[in-house]
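Undergrad: First the structure, which I've put down as structure tokens, then a few questions once you've had a look.
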Amino acid sequence: MTQYFLKSEKDGFKKLFEDSFNSFFDELCRYAFTYLQDRERAKDTVQVIFAKWWEKKDSILIQQTVRGYLYSAVYHHCLNAIRDDKVRKSYAENYKRTEAEAREFVDTVCYEEVDFKIRQTIESLPRQCHIIFCKSRFENMTYSQIATDLTISIKTVETQMTKALKILRGSISEIA
Amino acid sequence: MNAVHKVDEELITKYLAGEALPEEAMALHDWVAKSEDNKRMFLQLERAWNLGNDAHVAESYDKEPVWKNLSALSEQLPLREKRNSYFTLSRMAAAVALLFISGWVIYSLTDRKDRPSNEFIVSKTKVTILDQKLPDSTRVVLNRFSQLTFSNNFSKSVREVSLVGECYFDVAHKPDQPFIVTVDDIKIKVLGTAFNVKEDSTLSIVETLVTRGVVMMYNINDSLIIRAGESGVYDKTTKNFKLLSNFDVNNVGYATGKFEFSDTSLKDIAIHLEKVFGVKIYFENPRLQACRMSSTFENNSLEFILKILSATLNITYEIKGNTVNIAGNDCQ
């Protein structure tokens, strides 16, 4: 793994910038995607992070790896994005609206057999597990929001989420 | 990073659910890259999170366009070679202007209508014809082996769908929300009308038949207005549009349920019936294909139509699953 330390020495910086971009662009996008659930937005976020880094290159002094710096930047940027424009909320609303309005349309045509079986699996999850998984997956609530909502501990949310995904993985590998 | 994070199913789940801290995400990415087994386990869980839909999972992010934007930025904001306070101010002004420009670039990128990562609803059909309503109550009849895609933002301001194959649209009239069909590299725009779009990859054309109203077919260079009763053809190779003053209504029979045969050969009738009913028609006696007849059908079954044909032309037919055998002597 390429590890660089942030030093804005004039000759090295351009190379460092380019190398970092090539090495970390994809994984940073993937990380951003887990928060934003939108590939294009994830990509834009990472672009902004690199642009900011370039702009601030003379003033920035960070005692960590470039990779750590970039990951933290993506993390904070995503959290702000979610808070500011309530991505999660609108995403959930869109999902519901589309789901409701286009259900008839979707049901008959959109889901290949795999999805149908997975939906059956989701329906058949233990009650609490089902509720927690749906809140996270479809309503895009954070673990802590779910914990508050259901007055349970975050640890319980983590455990139930893990369980749900394990069961889903099992049913998918059965089909595949 | 010194903190060691144990990567297990719980952490992977957390990551997929958008809960991972930067160090956790790094640990996970490293862990996935470490062995094939790890990668397999991660992909399985990712697939589960995506509910089996792994269409975009493996795809890497296209970094070329992003790098281009960043290069433009780095050219205009050069590295500081020497500290000269006289230049600092103008540099700052340039930086502010650039921020504005780059902000605009990013904005316009995210605002692209064809942004691929919107939540898309895909209607796909193989052996059946789908007669459905879109969220705006536009009727769409999707022919066999065709695919229609629209985003979850559909019907917000512009109603956009993209098509592969053939589809008949009866568009709900909404003057302030144009309805746009993207096929291949062209678009077809309407306000409220009924028309059929067919992308024919064998002939390398896109054909639009308008049964009601007016539509516009266009690409970045050219456009074509098509009125009811006319059809427009776009040649994908030459990138030219052509207007035809009429079309065979039987071409949209699969959607309208209407056939108008006037002195039509049995060969052509069979082609239309095959298309609409999804059957294969065989002639035991090839000469029968030359028989001609005139008749109009509306929402009739295949059996009914064959009965009329056999009575008129003095032929016999047999339906076996998806095949129809037509037999008989020459028609009088």
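The values are calculated or read from the model by the stated rules, or taken from the named source; none is laboratory data. Predicted model only: the values in this text are computed from it and were never measured. Backbone-built Cβ (ideal geometry, glycine too); neighbour counts: all protein chains shown. Only protein heavy atoms, including side chains, enter the accessible area calculation; ligands, DNA and RNA are left aside. Shrake-Rupley method; radii C 1.70, N 1.55, O 1.52, S 1.80 Å.
Undergrad: List the accessible area buried at the contact between A and B, summed over both sides and calculated with a 1.4 Å probe, in Å² to the nearest 100.
TA: 6800 Å²
Undergrad: For region B:144-256, what number results from the quotient of the Cα radius of gyration and 2.2 N^0.38 Å?
TA: Here the Cα radius of gyration is 0.98 times the empirical estimate.
Undergrad: If I compute solvent accessible area with a 1.4 Å probe over the protein chains, what percent of it on region B:210-269 is carbon and sulfur?
TA: Result for region B:210-269: 48 percent of the exposed heavy-atom area is carbon or sulfur.
Undergrad: Please compare each pair in B:189/B:239; B:124/B:242; B:267/B:307 to a cut-off of 27 Å on the Cα-Cα distance and tell me which ones are over it.
TA: Where the Cα-Cα span goes over 27 Å, the pairs concerned are B:124/B:242.
Undergrad: Same structure, new question: Peptide A:19-30: average number of partner chain Cβ atoms within 10 Å per residue?
TA: On the way: counts 0, 0, 5, 2, 0, 2, 7, 6, 9, 3, 5, 9.
Mean number of neighbouring Cβ atoms from other chains: 4.
Undergrad: Shifting gears a bit: Using protein chains only (no ligands, no nucleic acids) and a 1.4 Å probe, work out which residues of region A:141-161 have their accessible area cut by at least 50 Å² relative to the chain alone.
TA: In region A:141-161, residues shielded by partner chains: A:143.
Undergrad: Here is a further query. Where in region B:18-32 does accessible area fall by at least 50 Å² between the isolated chain and the complete protein assembly, at a 1.4 Å probe radius?
TA: When all protein chains are present, B:18, B:19, B:22, B:26, B:29 each give up 50 Å² or more of accessible surface.
Undergrad: Something else now. Over 23 Å between Cα atoms: which of A:166/B:14; B:198/B:236; A:43/B:133; B:133/B:156; A:14/A:52 fall into that group?
TA: A:43/B:133, as the Cα separations exceed 23 Å there.
Undergrad: A 31 angstrom limit on the alpha carbon distance is what I want to check against. Which of A:56/B:68; A:163/B:68; A:135/B:63 exceed it? Before the final figure, lay out each step's value.
TA: Working: A:56/B:68 19 Å; A:163/B:68 43 Å; A:135/B:63 33 Å.
As for pairs spanning more than 31 Å Cα to Cα, those are A:163/B:68; A:135/B:63.
Undergrad: Ok, one more. State the extension gain, in nm to one decimal, for the chain segment bounded by residue B:316 and residue B:139, taking 0.36 nm per residue of separation less the distance between their alpha-carbons.
TA: Values: separation 177, 0.36 × 177 = 63.72 nm, distance 3.69 nm.
Here the answer is 60.0 nm.
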